[in-house]
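*Asks:* I'd like to ask some things about the structure below.
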Amino acid sequence: MSIQPSFALPTSAIPEYWYNLAHAFPEPMPPPLHPGTREPVTPEDMRVLFPDNLIEQEMCQDEYIKIPEEVRDIYALWRPTPLLRAIRLEKALNTPAHIYYKYEGVSPAGSHKPNSAVPQAYYNKQAGIKRLATETGAGQWGSSLAMACQLFGLECIVYMVRVSFNQKPYRKLLMQTWGATVHASPSCETDYGRKVLEDDPNSSGSLGIAISEAIEDTVKNPGTKYALGSVLNHVCMHQSVIGQESIEQMALAGEEPDIIIGCVGGGSNFAGMAFPFIGRNLKEGRSCRIIAVEPSSCPTITAGELKYDFGDTAEMTPLLMMYSLGHDFIPPSIHAGGLRYHGMAPMVSHARKLNLIEAVSYPQEQIFESAVLFARTEGLLPAPEPAHAIRAVIEEATKAKETGEKKVILFNLCGNGMLDLAAYDKYLSGALKG
């Protein structure tokens with residue numbers, strides 16, 4: 001009988017610090033630019049959107065930032081998350097590769113997103129803020145921030161990309177259960193939303209549009225700040241608890257990863273897993289391959305241009321140096337709503353520019369084929385987003401079979417798919433294309 005190995009850490013092993021890859025880059029990142037002056041943004045420029053404590057983190061170059069005990073106490077509701085070896089998937093693939101996955105779907109919201117939602121709500125509470133506005137794609141970030149705001153007594157307003165609002169009604173209900181107000185974006189709640197609907201009454205929306213609405217809401221409502229679930233430096237840093245725990249758990253397993261794989265949309269879960277390993281590569285001269293996986297219908301890194309671009313459609317955000325398909329790009333209505341973003345986190349983009357990571361893309365049908373194989377071997381139903389990582393894992397494991405090399409592969413299963421069953425229904429019935 002084969003038993004699935006699981007490598008658990010005690011609650012006391014929750015990281016005490018967030019890791020900041022910006023400290024380790026051999027070449028500094030280009031600064032964000034003010035949308036009007038095109039000069040580097042200052043803390044004062046950012047105060048309309050964020051409290052001072054998060055602005056300080058966004059601009060910080062320190063290697064480690066202390067995690068407040070109040071945040072670690074809430075992390076303990078689900079952290080440390082399990083790391084498991086996928087021996088049944090290995091057997092199905094008949095591969096000599098050892099496949100491990102870090103499972104972030106055990107959080108109350110079912111994904112990695114609370115790793116940043118909780119500290120963002122905490123820091124806004126500390127700054128005296130009463131209300132947070134945000135956007136969400138597939139709903140994982142919106143539900144995570146709704147939960148965090150409930151825990152800290154903040155009001156939460158979420159602009160949910162319309163295609164996901166319609167495809168994933170239970171994500172909306174989860175947010176509402178935690179007390180959030182949820183609007184389908186583009187909405188009639190903002191001037192920009194009304195303009196988009198006037199131009200296209202059937203607009204499926206995009207994260208860029210939803211960001212514009214959330215920012216307009218923030219600017220117009222006193223006592224409100226904006227919370228972002230991906231892309232920015234402080235978000236990537238909050239997620240670093242994933243990779244830090246994984247390093248310790250792989251040591252418990254007695255193995256060292258040859259390949260790290262994660263899906264990318266805005267970049268947060270990928271950064272959380274990959275950045276501590278990239279830091280080790282740079283500091284210790286290791287050669288672990290790190291692969292970012294994205295949908296071929298929204299191929300930001302693999303087909304986008306590295307340039308300064310807006311993070312939103314209405315051109316309200318600072319200009320970020322990032323791989324981008326253009327801030328007015330409207331992705332197809334794929335079910336991996338969390339990956340439907342035109343731009344990539346500046347830190348992930350910088351890592352790609354410096355050839356510290358690789359990038360690949362796959363079509364939706366291949367993604368669900370891999371997700372179903374994983375569910376049928378390992379039992380866990382992955383969300384469509386991490387199913388992209390699973391596709392790349394299968395390809396790397398197949399290469400190992402062809403060469404006879406034993407490769408150790410680690411990937412981030414960043415969310416469960418229990419609220420994505422409509423997408424699986426379409427795939428299993430043959431109605432899912434693209």
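The values are calculated or read from the model by the stated rules, or taken from the named source; none is laboratory data. All of these numbers come straight from a predicted model, not from anything done at the bench. Here Cβ is always computed from backbone atoms with ideal geometry, including for glycine, and neighbour counts include all displayed protein chains.
*Asks:* If you scan the stretch 404-423, which residues turn out to be out of contact with any strand residue (DSSP E or B) (no Cβ under 8 Å at 6 or more places or on another chain) and either part of a loop (DSSP other than H, G, I, E, B) or modelled with pLDDT of 95 or more (or both)?
*Replies:* Answer for the stretch 404-423, where residues must be out of contact with any strand residue (DSSP E or B) (no Cβ under 8 Å at 6 or more places or on another chain) and either part of a loop (DSSP other than H, G, I, E, B) or modelled with pLDDT of 95 or more (or both): GLY404, GLU405, MET418, LEU419, ASP420.
*Asks:* Scan LYS433, LYS426, LYS401 and give me the residue that is out of contact with any Cys (no Cβ under 9 Å at 6 or more places or on another chain), under 17 Å from VAL163 (Cβ atoms) and assigned to a helix (DSSP H, G or I).
*Replies:* Unique residue meeting the criteria: LYS426.
*Asks:* Within the group TYR170, TYR159, which residue is assigned to a strand (DSSP E or B) and hydroxyl-bearing (Ser, Thr, Tyr)?
*Replies:* Checking each option against the conditions leaves just TYR159.
*Asks:* Taking the stretch 74-94, which residues are in contact with a helix residue (DSSP H, G or I) (Cβ under 7 Å, 6 or more places away or on another chain) and without any contact (Cβ under 8 Å) to a residue 40 or more places away in the chain?
*Replies:* Across the stretch 74-94, the qualifying residue is only TRP78.
*Asks:* State which residue pairs qualify: first residue in the same structural domain as GLU135 (by TED's automatic domain parsing) and within 13 Å of ARG162 (Cα to Cα) and inside the stretch 185-205, second residue among the acidic types (Asp, Glu) and surrounded by 22 or more Cβ atoms within 10 Å (Cβ to Cβ) in any location, beta carbons under 9 Å apart, and separation of 6 or more residues or different chains.
*Replies:* SER185/GLU135; SER185/GLU213; PRO186/GLU213; SER187/GLU213; GLY193/GLU213; VAL196/GLU213
*Asks:* Could I ask something else about it? Just to be sure before I move on: is PRO26 over 17 Å from GLU245 (Cβ atoms) and in contact (Cβ under 8 Å) with a residue 24 or more places away in the chain in the structure I sent?
*Replies:* On the way: over 17 Å from GLU245 (Cβ atoms): yes; in contact (Cβ under 8 Å) with a residue 24 or more places away in the chain: yes.
Criteria met by PRO26.
*Asks:* Quick one: in the stretch 95-104, which of the residues that are buried (at least 23 other Cβ atoms within 10 Å of the Cβ) and over 25 Å from GLU402 (Cβ atoms) is nearest to the chain's Cα centre (by Cα)?
*Replies:* GLU104
*Asks:* Another question, if that's okay. Out of (1) assigned to a helix (DSSP H, G or I); (2) in contact with a strand residue (DSSP E or B) (Cβ under 7 Å, 6 or more places away or on another chain); (3) hydrophobic (A, V, I, L, M, F, W, C), what's the single condition that is false for LEU282?
*Replies:* Every condition holds for LEU282 apart from (2).
*Asks:* Identify, please: which residue in the stretch 149-159 is more than 19 Å from ILE211 (Cα to Cα) and free of Cβ contacts under 8 Å to residues at least 40 places away in the same chain and is, among those, surrounded by the fewest Cβ atoms within 10 Å (Cβ to Cβ)?
*Replies:* Here is the first cut: in the stretch 149-159, the ones more than 19 Å from ILE211 (Cα to Cα) are 150-154.
Then keep just the ones that are free of Cβ contacts under 8 Å to residues at least 40 places away in the same chain; that gives 150, 152-154.
Numbers: GLN150: 16, PHE152: 19, GLY153: 10, LEU154: 23.
So, considering only residues that are more than 19 Å from ILE211 (Cα to Cα) and free of Cβ contacts under 8 Å to residues at least 40 places away in the same chain, the one surrounded by the fewest Cβ atoms within 10 Å (Cβ to Cβ) is GLY153.
*Asks:* Right, something else. Could you list all residues from the stretch 132-155 that are touching a Pro at 6+ places or on another chain (Cβ under 9 Å) and not in a helix (DSSP H, G or I)?
*Replies:* Hit for the stretch 132-155 is ALA138, nothing else.
*Asks:* Would you pick out the residues in the stretch 106-139 that are farther than 19 Å from MET273 by Cβ and either in the same structural domain as PHE270 (by TED's automatic domain parsing) or surrounded by fewer than 24 Cβ atoms within 10 Å (Cβ to Cβ) (or both)?
*Replies:* The answer is PRO108, TYR122, LYS125, GLN126, ALA127, GLY128, ILE129, LYS130, ARG131.
*Asks:* Which ones in the stretch 388-416 are surrounded by 24 or more Cβ atoms within 10 Å (Cβ to Cβ) and without any contact (Cβ under 8 Å) to a residue 60 or more places away in the chain?
*Replies:* The one that is surrounded by 24 or more Cβ atoms within 10 Å (Cβ to Cβ) and without any contact (Cβ under 8 Å) to a residue 60 or more places away in the chain: ILE390.
*Asks:* Sticking with this structure for a sec: I'd like the residue in the stretch 144-171 that is farther than 18 Å from LYS125 by Cα and polar (S, T, N, Q) and, out of all such residues, is modelled with the highest pLDDT.
*Replies:* ASN166
*Asks:* Residues of the stretch 166-180 being polar (S, T, N, Q) and either surrounded by 23 or more Cβ atoms within 10 Å (Cβ to Cβ) or over 15 Å from LEU151 (Cβ atoms) (or both), which ones? Talk me through it step by step, then tell me what you get.
*Replies:* Taking the stretch 166-180 as the starting set, the residues that turn out to be polar (S, T, N, Q) are 166-167, 176-177.
Passing the criteria: ASN166, GLN167, GLN176.
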